[in-house]
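In what follows, a structure is listed as structure tokens, so that the remarks can point back to it.
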Amino acid sequence: MGTVFTRQITQIIAHRGSKGTRPENTLLAFQAALDDGADGIETDVQLSRDGQMIIMHDEQVDRTTNGSGQVRDLTLAQLKALDAGSHVDPAYAGTQIPTLDEVIRLLQRNCFTGIFNLELKTNKFPYPGLEQQLATYFTQHPVGFRLVFSSFRAQSLVTLRRLYPQAEYAKLFQTASRQAKKMGRLHQVADLHPDIRWVKAHRFWLPHMQLRPWTVNSSADMTYCFKRRFAGIITDYPAQAVRLRQQIQGVSDSWKKS
Ligand code: G3P
Ligand code: MG
């Protein structure tokens, strides 16, 4: 069995914001996550056609907006003209796709000091230059929160870490654990972000590394992670997770109190 970190508090990280209750990856979802008491935010960054860092999960805009096409084929102005809220509820009509900078400014307005987990969505399209842009951005905009970069694409993490070593790095994986563990041994990443299904299937052979599984949405999966005191969980339902963690670990939200 992997290392049991007996006393640590499991950090609750809101997946694409409070995705379970708001349009994912929008400022509404991130504000809701903070209001729900999440310790952190997970989100996804890609590049628009004109090279702007925008926040979106899918490589296409079709599922979460009223538009169609690839993110990388649309300019920032075209992306900003889309409605990223109506697909969830007409009440959210007019919600825009945010830029990375808009998310950072929202966190700063909230005096956020938790975990900001930015996933480089480079596993389908590599978005050349994204790592350099991120390094430049965060060098020019020092932040008062904990920055954790993650990606399914190992090379993105290696490249960005070389440019911006002061952040924390985490390897995402569904089943490709061998590469992730090797990156841990080489100190290319400090943490692993595995699929919760992989974690449960390998519960007796978990690596001796800090784990933040995704997407931990059921009470049973949350309980499993809280009892094992993993470093974190990435969940669509941070409010529910905060309540359950209170019962199991006896703590509520932490960054607002620290
Ligand atoms: O970072 C955890 C999780 O977001 C990885 O998968 O597809 O939701 O970005 P995905
Ligand atoms: Mg993600």
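The values are calculated or read from the model by the stated rules, or taken from the named source; none is laboratory data. This one's a predicted model, so the numbers in the text were calculated from it and none came from an experiment. For neighbour counting, all protein chains shown are included, and Cβ atoms are generated from backbone atoms with ideal geometry for every residue, glycine included. The area values use the complete protein model at the heavy-atom level, side chains included, leaving out ligands, DNA and RNA. Shrake-Rupley method; radii C 1.70, N 1.55, O 1.52, S 1.80 Å.
Only one entry of L160, L172 meets the criterion of being in a strand (DSSP E or B), within 16 Å of ligand 2 (Cβ to nearest atom) and within 18 Å of the chain's Cα centre (by Cα), and that entry is L172. Of T75, T65, T122, all but one fail to be within 24 Å of T235 (Cβ to Cβ) and more than 16 Å from ligand 2 (Cβ to nearest atom); the exception is T65.
Taken over the range 14-45, residues that are more than 11 Å from ligand 2 (Cβ to nearest atom) and polar (S, T, N, Q) amount to 4.
Yes or no: A239 within 16 Å of ligand 1 (Cβ to nearest atom) and either outside any loop (DSSP other than H, G, I, E, B) or open to solvent by 20 Å² or more (accessible area, probe 1.4 Å) (or both)? Answer is no for this residue. Scanning the range 171-183 finds one or more residues that are of a type in the set (G, A, S), open to solvent by less than 10 Å² (accessible area, probe 1.4 Å), farther than 28 Å from L106 by Cβ and touching a Leu at 6+ places or on another chain (Cβ under 9 Å). Screening the candidates Q108, Q133, Q140, Q155 for the property of being under 30 Å from W198 (Cβ atoms) and away from ligand 2 (no atom under 16 Å from the Cβ) yields one hit, Q155. Pairs meeting the criteria (first residue in the range 185-199 and of a type in the set (D, E, K, R), second residue surrounded by 16 or more Cβ atoms within 10 Å (Cβ to Cβ), beta carbons under 6 Å, at least 6 apart or on different chains) are D191/A170; D191/Q210.
The set of residues from the range 193-217 being within 18 Å of the chain's Cα centre (by Cα) and either within 11 Å of ligand 1 (Cβ to nearest atom) or in a loop (DSSP other than H, G, I, E, B) (or both) comprises H193, P194, D195, I196, R212, P213, W214, T215, V216, N217. Can Q140 be described as within 16 Å of ligand 1 (Cβ to nearest atom) and open to solvent by 10 Å² or more (accessible area, probe 1.4 Å)? No: the conditions fail for Q140.
When you scan the range 115-130, do you find a residue that is modelled with pLDDT of 95 or more and part of a helix (DSSP H, G or I), even just one?
Within the range 115-130, one or more residues are modelled with pLDDT of 95 or more and part of a helix (DSSP H, G or I).
Residues are listed down the side, and each one gets a yes or a no for (1) part of a loop (DSSP other than H, G, I, E, B); (2) within 24 Å of F116 (Cα to Cα):
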residue	(1), (2)
A29	no, yes
L34	no, yes
V45	no, yes
R49	yes, no
H57	yes, yes
V88	yes, no
G94	yes, no
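Give the residue that is surrounded by the most Cβ atoms within 10 Å (Cβ to Cβ), with candidates limited to residues of the range 63-74 that are of a type outside the set (S, T, Y) and within 16 Å of ligand 1 (Cβ to nearest atom). Result: V71.
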